[in-house]
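What follows is a single structure, written as structure tokens, with notes after it.
No lab work stands behind these numbers, since they all come straight from the coordinates. Note that the structure is predicted; figures quoted are calculated from it, not measured. Cβ placement follows ideal geometry from the backbone for every residue including glycine, while neighbour counts extend to all protein chains displayed.
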């Protein structure tokens with residue numbers, strides 16, 4: 001059993017709490033430290049570690065403060081260098097080299113984004129649950145078996161983006177960067193079709209754009225594509 005709580009999922013900040021009933025983890029730390037404290041009901045001591053995908057502040061803002069507060073932060077060397085993170089609470093992880101935190105076995109994997117060394121995460125617990133966490137990428141070459149939970153970015157839909165460019169509401173340069181840095185609705189559908197989702201209990205859609213997304217449509221289309229329960233992360 002995995003419990004997922006979205007503390008926030010947008011360009012303003014991203015953070016998620018996951019628990020298997022034994023070990024609680026924080027995925028991303030993209031809010032000011034005091035805001036994260038409040039979101040966690042001032043129970044930071046219940047968190048066993050924080051995993052960070054990349055250095056952009058909407059994913060890593062509180063990392064230095066979390067380490068000062070005594071929490072281990074796990075990220076790639078590229079992310080640590082870009083954010084100038086140091087100290088004994090910093091735990092450097094590498095793609096395809098597993099790490100264990102409490103009852104979680106975590107396999108980082110490489111993704112594509114406009115940053116130094118971004119990672120996605122495959123998390124498995126001792127109860128047999130398996131969660132994939134994939135955000136801020138435009139491509140994932142890896143395939144996963146026996147997934148029970150999926151947390152995946154669904155930032156935009158190309159038709160909405162094109163309409164906004166045509167209307168002058170979005171600069172063509174912004175569109176180009178978007179397409180080379182984020183998962184859109186069609187990417188999500190392709191990713192889900194390419195992976196083993198027979199055991200999936202729920203799919204979480206993350207990091208929806210304020211202007212380039214349609215929450216109800218995205219949820220409906222992914223439900224129709226998969227037949228699975230779909231949740232949209234709190235923004």
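Within the listed set 108, 64, 118, the Gaussian network model of the chain (springs between alpha-carbon atoms below 10 Å) gives the highest mean-square fluctuation for 64. Listed from fewest to most Cβ neighbours within 10 Å, the set 33, 74 follows the order 33, 74. The range 146-211 and the range 216-232 have their alpha-carbon centroids 13 Å apart.
Of 35, 201, 174, the residue with the greatest mean-square motion in the GNM of the chain, using alpha carbon springs below 10 Å, is 174. Only Cα pairs under 8 Å and 6+ residues apart enter the sum, and on that basis the relative contact order of the range 135-220 stands at 51 percent. In terms of other Cβ atoms within 10 Å, 75, 140 run from fewest to most in the order 140, 75.
Counting only DSSP beta bridges whose two residues both lie in the range 3-232, roughly 50 percent are antiparallel. What would the Debye equation give as log₁₀ I(q)/I(0) for the range 7-65 at q = 0.24, 0.30 Å⁻¹, counting only Cα atoms as equal point scatterers? Each listed q maps to, in turn, -0.93, -1.36.
Note: relative contact order over the chain, using C-alpha pairs below 8 Å and six or more positions apart, is 16 percent. Roughly how far apart, in whole Å, are the Cα centres of the range 1-40 and the range 90-121? Using only Cα atoms, the two centres lie 17 Å from each other. Relative to the longest principal axis of the Cα atoms of the chain, the long axis of helix 185-194 makes an angle of roughly 70 degrees. Each principal axis of the Cα atoms in the chain has its own extent, and those three values, largest first, are 50, 38, 32 angstrom.
The residues 153, 3, when put in order of fewest to most other Cβ atoms within 10 Å, stand as 3, 153. Taking 61, 130, 176 in turn, the Gaussian network model of the chain (Cα-Cα springs below 10 Å) assigns the largest fluctuation to 176. By DSSP, the beta bridges lying fully in the range 40-120 are antiparallel in about 50 percent of cases.
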